[in-house]
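K.L.:
Attaching a single structure in structure tokens format; questions to follow.
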Amino acid sequence: MGKRIDAKTASDLNELLHDMMVAFGHSSGSGIVAVVNEANLTLPQIIILGLLQQGPQTVSSLSEMIELTPGAVSRLVDRMVRKGFVSRREGNDDRRQKMLSLTPAGRRLRERVERASTGSFAAALSELDSALA
């Protein structure tokens, strides 16, 4: 890493990095936005889907992870339950505590978001490949 580069090379690298960021910005959101809009979910709800993909959680644990109040998380989850993406069940040790899990529809939606994200990343890389040629 101690190798020095000339001003022209530094300028070319800077331009390439800029082009890369623009390509990622243009292509990264389109597929994900389409999926999110179709499901009529917000970004925090998509984040919650990702967290629930890791396993059942409580509103309190989700609240801590995404740094929203338990009330705000509860309202977000309520909408997701009504849409059929999340299920609630009583905790094993404490019936007052509700465990939240993805439903099969929630898992399918999360997979679609993941595929859209991966596809967007691949599209951005292909744009860079053609720009480098």
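K.L.:
Restrict the check to the stretch 64-77 and report whether at least one residue is surrounded by fewer than 16 Cβ atoms within 10 Å (Cβ to Cβ), modelled with pLDDT of 85 or more and not in a helix (DSSP H, G or I).
P.N.:
Yes, that holds for at least one residue.
K.L.:
What are the pairs with Cβ atoms under 6 angstrom where one residue, in the stretch 93-110, is open to solvent by 30 Å² or more (accessible area, probe 1.4 Å) and the other, located anywhere, is modelled with pLDDT of 95 or more and among the aliphatic types (A, V, I, L, M)? Sequence gap at least six, or different chains.
P.N.:
none
K.L.:
Could I ask something else about it? Out of curiosity, is VAL36 under 19 Å from the mean Cα position of the chain (by Cα), in a helix (DSSP H, G or I) and modelled with pLDDT of 90 or more?
P.N.:
No: the conditions fail for VAL36.
The values are calculated or read from the model by the stated rules, or taken from the named source; none is laboratory data. Everything numeric in this text was worked out from a predicted model, so none of it was measured. Every residue, glycine as well, gets a Cβ built from its backbone with ideal geometry; the counts of neighbours run over all protein chains shown. The accessibility values were calculated without ligands, DNA or RNA, using every heavy atom of the protein model including side chains. Shrake-Rupley method; radii C 1.70, N 1.55, O 1.52, S 1.80 Å.
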